[in-house]
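The values are calculated or read from the model by the stated rules, or taken from the named source; none is laboratory data. Note that the structure is predicted; figures quoted are calculated from it, not measured. Counting neighbours? That spans all protein chains shown, and the Cβs are built from the backbone with ideal geometry, glycine included.
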Amino acid sequence: MSDTGIGARVKRKEDKRFITGKGRYTDDVRVDNQAYAAFVRSPHAHARVNGIDTSAAEGMEGVIAVLNGNQLTGDGIGNLICGWAVSSKDGSPMNMGPWSALATDRVRFVGDAVAVVIAESQALARIAAEAVEVDYEELPAVVQADKALADGAPQVHDNAPGNLIYDWEIGDAAATDAALEGAHHITEMKVVNQRLSPNPMEPRSAVAIFDTAEDHYTLYTTSQNPHLARLVLSAFYNVAPEHKLRVIAPDVGGGFGAKIYIYPEEITCLWASMKTGRSVKWTGDRAESFMTDMHGRDHITTARMGFDADGKITGFKVDTIANFGAYMSLFSSAVPTYLYATLLSGQYDIANIHCNVRAVYTNTVPVDAYRGAGRPEACFLIERMMETAAREMGTDPGELRRKNFIDTFPHETPVIMTYDAGDFSGNLDKAKAAADVAGFAQRRAEAESRGKLRGLGYSCYIEACGIAPSAAVGSLGAGVGLWESAEVRVNPVGTIEVLTGSHSHGQGHETTFAQIVAERFSQPIENVSIVHGDTDKVQFGMGTYGSRSGAVGMSAIVKAMDKVEAKVKKIAAHTLEASEDDIVIEGGVVKVAGTDREMGWHEVGLAAYTGHNLPDGMEPGLKEGAFYDPVNFTFPAGCYIAEVEIDPDTGDCKVVQFTAADDFGTIINPMIVEGQVHGGVAQGIGQAMLERVVYDDDGQLITGSYMDYQMPRAEDVPFLTIEHNTTVCPNNPLGIKGCGEAGAIGAPPAVINAITDAIGDNDIQMPATAQKIWRALKGRQTAMAAE
Amino acid sequence: MYDFDFVTPASLAEAAAALEDPEAMALGGGQTLIPTLRARLAMPSKLVSLAGLAEIRGICEDDDGRLCIGGATTHGAIARDAAERFSGLAGLAQRIGDPAVRNRGTLGGSVANNDPAACYPAAILATGATVVTHRREIAAGDFFQGMFTTALDEGEIVTEVRFPVPRRSAYQKFEQPASRFALVGVFVAEMADGAVGVGVTGAAEEGGFRWEAAEAALAARFDPAALEGLSHPAEGLISDIHGDAAYRAHLIGVMTRRAVAAAA
């Protein structure tokens, strides 16, 4: 291993600009002729819009235009769409309700935009937006998913009777029922996976620039996937044809999924830029982030798991209601189906699984993929079931899991996944050793002597990453292919630029991607730069989400490097008068193996670009591109063990020990991978104990600021023990599985299992607040007193 | 944030004069008012900054041995400079917000705002402190008049709070997890004459209050055991997403016992 190659803890190349305040984010973009947008948003969760009076706002000094939804649709701007078609089990298509970037006749959640003010400054735009008078006729609202399905519930969309978007299933219902029928033991649970707000540090922002001379648009925006944004803006929203639209996602301060989607604000800024002939900037404030960024999770699930007399799982039956909010967001349909139900086998060999999912509309912010997207919901359910079953059957929770682990690969689950590699028992062993599970009883006794209740919980997670084989997802309804592209350019002086369709918004691609290139071509890492985030520079790409940039994005780079290497060897063989097969790249040079005949790497580059002496028929230049389409998902998996201590007087709970044993496949930069685990586990602890979006019954957002929405802070997260138990992914060239979401997927059940272990009461839903824990303890005391 | 004029008076008299304007608002450390302005929830035409007024900043002792803390004194300064003479109050100040908040936020600003979850009202009520303005002196019991409401008139500036220093005291706070304000905070003070004050904040819809039943029990015997069997009723307490009235009532008991145990 070189000191900058695969496996090296290379410090992040991008951090100099980030930690010195030199990052360039969308809101830092200043252009000539710039105007500012402010949105007029609904204060009601559900209302008819009977009229919009913009006259007062239009008359204010500095106001350029006040635009509404009728003008927008009149100009042919299309409705926002969900790009993944999921049909109900009866074959009927999903009921997608209309979503205009600016609402015309009805608003469906608090924050739904009805008009936009374009003004000379942000302050003027906001003041004018407050002067727009909207005549709302309030309608009854529905907030909770199960209530949305009830008879007589307010109807969010006319074309979705009963608020039902789809009623979908996977697996064999009859076989699963039969398996449960004959089970020796059945564990039954109701699990709520609460709604979360993603909270990237940088709020969403857009700068739209319309070039009147060229009829060309440029959009700077906070996107995880600028090419997808351009595609959707062009093909579905009719903003401009792709060759007349450039999308740039410069430095982006975190995404967590929320910046995958193309929002009403970006569409409106582009259209308003054309409409006014001005560049239009909008940057959301934190209140707008809470009110309009797509939320995550929000499932209500009941499940039954059957076991035989030996503790082997015989069947798993799941019924889930997924809250989609007011509109179907871009990938919303896939989250509780192909990213959730397909993972319900967990790490276990289960012959019979059936899952039914009903997706429903409510008068809340739309819900889509948030770090983990479907997989945290699946993992939480399975791992709570396993822990609960072990307690009910009086067996060790780790060993019950081990008894059911899949141990031969490939393994096909009854929910259409084929796991390719893993070592689940090894993960468990490594985690148990690192967590000193053997010493837990002593730690618990010591905690008790201090008046604290200590508990330990496991979670053995698996996820499907490396999203995804294009033909496979296409057959499941995806509107796009999920390959990735890359281009490797060797310059005449030998420096290397890699253009990637992946997008880095905190993941450290500029370092990790450079490491594989530096190693492959034996070049200093500072001579490699990674270019991303601009549709004019990078030909195409599908962006970054679902832990795909390593497994898919870097695989595309490897393919392009294969082509570059082949050409380099041809040029060197020609120049050095040797056979291509004898050419090796090592020690910074290109040489004939075992001899002192060599060319400097830069000499090969120069030869390629001068074209003075190339093999017959070879084109000059040294630049190759590749598209990589994965052949399967990848399957990161691991075992997490959490220990908590609870103050029984108040219910206050602290995670005091946390051990992660992950199998991410090949690791390029362990430091960056550990950082991903740190962040993921922090968000997982956040979901387990702290975070939740709360609406009141009228659909007003209660958790609209950090005064009420609790993000995890440093003191909420203990120092983590991180172990790796690597099995190489057999299906991509580097053997990578992915690491970006594991922490957020694996941590919540480990923490809740530890809390319920500590208090001896299994009935706790997330977030496990101090009040809930105290109440459970109090209930238990009351029950014990009564006995 | 809307436009406003910003005034930096050189003296208390100038500040008072500037605040005669009914559209003007006093700005202490700005730890509540600035976020309120940013959220466009207040529209003063003029902000009068009190932060630079040396004459209402700092800590001294008066002839009665009371600790007199200027209204423009920051929480950070109180945490540091009151530690020796009044450790209970210093401990309270040390746990307000984070370092940035403590180095900007002021005693006077907090007291005048009377957030029902602010920490100081518990100490002021428990010790029977006096709130001093540029016009008059107001006894603790008269000063706090319900959530975000005080005895202050328009334009009246809190110049000082005079704390009788207890024999021993301590503050215990159970934090609202998101804001880290007090979900329930209890200040317990055993005064020089043996009387005991128990000030509670965060818990009640009407803001800070004294728990008199606990005071009586503790005056008889200053020991956590004296509170055995005593619980605060849930009536009148706040129920919100962070804790219902029953939980807050329970926490009042726990925090009071812990404050007694911690009192030094």
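Would you be able to say whether some residue in the range B:227-234 is within 14 Å of another protein chain (Cβ to nearest Cβ), farther than 27 Å from residue B:108 by Cβ, among the polar types (S, T, N, Q) and surrounded by fewer than 24 Cβ atoms within 10 Å (Cβ to Cβ)?
Yes, the conditions are met somewhere in the range B:227-234.
Would you point out which residue out of A:702, A:745 is under 24 Å from residue A:197 (Cβ atoms) and within 13 Å of another protein chain (Cβ to nearest Cβ)? Can you show your working first?
Numbers: A:745 fails: within 13 Å of another protein chain (Cβ to nearest Cβ).
Of the residues listed, the single one that is under 24 Å from residue A:197 (Cβ atoms) and within 13 Å of another protein chain (Cβ to nearest Cβ) is A:702.
Exactly one of (1) out of contact with any strand residue (DSSP E or B) (no Cβ under 7 Å at 6 or more places or on another chain); (2) under 30 Å from residue A:353 (Cβ atoms); (3) in contact (Cβ under 8 Å) with a residue 60 or more places away in the chain is unmet by residue A:157. Its number?
Failing condition for residue A:157: (2).
Show me the helices (runs of 4 or more DSSP H) found entirely inside the range A:67-153 where at least 3 residues are touching a residue at least 40 places away in the same chain (Cβ under 8 Å) and more than 14 Å from chain B (Cβ to nearest Cβ). Can you show your working first?
Numbers: elements: A:69-74, A:122-131, A:145-148.
So the answer is A:69-74, A:145-148.
Helices (runs of 4 or more DSSP H) wholly in the range B:57-154 with at least 1 residues that are polar (S, T, N, Q) and surrounded by fewer than 23 Cβ atoms within 10 Å (Cβ to Cβ) - which ones?
Values: elements: B:75-81, B:87-94, B:99-104, B:107-113, B:120-127, B:140-143.
Helices (runs of 4 or more DSSP H) meeting the threshold: B:87-94, B:99-104, B:107-113.
Working only within the range A:166-194, note down all residues that are touching a helix residue (DSSP H, G or I) at 6+ places or on another chain (Cβ under 9 Å) and small (Gly, Ala, Ser).
Selection gives A:171 alone.
From the list A:615, A:630, A:648, A:636, which one is touching a Cys at 6+ places or on another chain (Cβ under 8 Å) and either more than 23 Å from residue A:558 (Cβ to Cβ) or buried (at least 16 other Cβ atoms within 10 Å of the Cβ) (or both)?
A:636
For the range A:64-94, which residues satisfy the criterion of being more than 19 Å from residue A:228 (Cα to Cα) and touching a Leu at 6+ places or on another chain (Cβ under 7 Å)? Talk me through it step by step, then tell me what you get.
Step one: of the range A:64-94, the residues more than 19 Å from residue A:228 (Cα to Cα) are A:64-76, A:86-94.
Hits for the range A:64-94 are A:68, A:69, A:72.
Give the residues of the range A:743-762 that are more than 21 Å from residue A:721 (Cα to Cα) and in contact with a helix residue (DSSP H, G or I) (Cβ under 7 Å, 6 or more places away or on another chain), sorted by residue number.
Matches in the range A:743-762: A:759, A:760, A:761, A:762.
Taking residue A:667 as meeting all but one of (1) under 22 Å from residue A:370 (Cα atoms); (2) of a type in the set (A, V, I, L, M); (3) in a loop (DSSP other than H, G, I, E, B), write down the number of the exception.
In the conditions (1) under 22 Å from residue A:370 (Cα atoms); (2) of a type in the set (A, V, I, L, M); (3) in a loop (DSSP other than H, G, I, E, B), residue A:667 misses (1) alone.
Going through the range A:391-404 one residue at a time, which ones are closer than 21 Å to residue A:637 by Cα and either assigned to a helix (DSSP H, G or I) or in contact (Cβ under 8 Å) with a residue 40 or more places away in the chain (or both)?
A:397, A:398, A:399, A:400, A:401, A:402, A:403, A:404
Give the residue, chosen from A:40, A:10, A:49, that is crowded, with 19+ Cβ neighbours inside 10 Å, in a loop (DSSP other than H, G, I, E, B), not charged (D, E, K, R) and not assigned by TED's automatic domain parsing to the domain that holds residue A:364. If you could, list the steps in order and put the result at the bottom.
Values: A:40 fails: in a loop (DSSP other than H, G, I, E, B); A:49 fails: in a loop (DSSP other than H, G, I, E, B).
On inspection, the qualifying residue turns out to be A:10.
Residue by residue through the range B:247-264, note down the ones that are within 11 Å of chain A (Cβ to nearest Cβ), under 30 Å from residue A:701 (Cβ atoms) and in contact with a strand residue (DSSP E or B) (Cβ under 8 Å, 6 or more places away or on another chain).
Applying the first criterion (within 11 Å of chain A (Cβ to nearest Cβ)) to the range B:247-264 yields B:247-248, B:250-251, B:253-255, B:257-258.
Imposing the further condition that a residue be under 30 Å from residue A:701 (Cβ atoms) reduces the set to B:247-248, B:250-251.
Across the range B:247-264, the qualifying residues are B:248, B:251.
Report yes if residue A:781 is at pLDDT 95 or above and within 14 Å of chain B (Cβ to nearest Cβ), otherwise no.
On the way: at pLDDT 95 or above: no; within 14 Å of chain B (Cβ to nearest Cβ): yes.
No.
Do we have residue B:241 as over 30 Å from residue B:20 (Cα atoms), modelled with pLDDT of 95 or more, surrounded by fewer than 20 Cβ atoms within 10 Å (Cβ to Cβ) and among the β-branched types (Val, Ile, Thr) here?
Numbers: over 30 Å from residue B:20 (Cα atoms): yes; modelled with pLDDT of 95 or more: yes; surrounded by fewer than 20 Cβ atoms within 10 Å (Cβ to Cβ): yes; among the β-branched types (Val, Ile, Thr): yes.
Here the answer is yes, as residue B:241 does meet what is asked.
Could you name every one of the strands (runs of 3 or more DSSP E) located completely within the range A:161-251 that has at least 3 residues being of a type in the set (A, V, I, L, M, F, W, C)? Lay out the reasoning, then the answer.
Numbers: elements: A:164-171, A:185-196, A:205-211, A:216-221, A:245-248.
Result: A:164-171, A:185-196, A:205-211, A:245-248.
Regarding the range A:101-121, can at least one residue be identified that is of a type in the set (Ser, Thr, Tyr), within 24 Å of residue A:335 (Cβ to Cβ) and surrounded by 15 or more Cβ atoms within 10 Å (Cβ to Cβ)? Break it down stepwise before answering.
Just the residues of the range A:101-121 that are of a type in the set (Ser, Thr, Tyr), to begin with: A:104, A:121.
When the remaining residues are screened for being within 24 Å of residue A:335 (Cβ to Cβ), the result is none.
No, every residue in the range A:101-121 fails to be of a type in the set (Ser, Thr, Tyr), within 24 Å of residue A:335 (Cβ to Cβ) and surrounded by 15 or more Cβ atoms within 10 Å (Cβ to Cβ).
Among the residues of the range A:559-604, which ones are among the hydrophobic types (A, V, I, L, M, F, W, C), crowded, with 20+ Cβ neighbours inside 10 Å and in a helix (DSSP H, G or I)?
Result: A:560, A:561, A:564, A:568, A:571, A:572, A:601, A:604.
Report, by residue number, each residue of the range A:621-642 that is assigned to a strand (DSSP E or B), of a type outside the set (A, V, I, L, M, F, W, C) and within 24 Å of residue A:342 (Cα to Cα). Don't jump to the end; show me each part of the working.
Of all residues in the range A:621-642, those assigned to a strand (DSSP E or B) come to A:623-628, A:634, A:637-642.
Pick out the ones that are also of a type outside the set (A, V, I, L, M, F, W, C) and you get A:623-625, A:628, A:634, A:638, A:640.
Hits for the range A:621-642 are A:628, A:634, A:638, A:640.
Taking the range A:672-699 as the region of interest, how many residues are in contact with an Asp or Glu (Cβ under 7 Å, 6 or more places away or on another chain), of a type in the set (Gly, Ala, Ser) and either within 14 Å of chain B (Cβ to nearest Cβ) or not in a helix (DSSP H, G or I) (or both)?
Total satisfying the criteria: 0.
Which one is farthest from the other protein chains (Cβ to nearest Cβ) among residues in the range A:705-719 that are among the hydrophobic types (A, V, I, L, M, F, W, C) and surrounded by fewer than 19 Cβ atoms within 10 Å (Cβ to Cβ)? Walk me through it before giving the result.
Applying the first criterion (among the hydrophobic types (A, V, I, L, M, F, W, C)) to the range A:705-719 yields A:707, A:711, A:714, A:717, A:719.
If we keep only those that are surrounded by fewer than 19 Cβ atoms within 10 Å (Cβ to Cβ) too, we end up with A:707, A:711, A:714, A:719.
On the way: A:707: 4, A:711: 8, A:714: 11, A:719: 21 Å.
In this case the residue turns out to be A:719.
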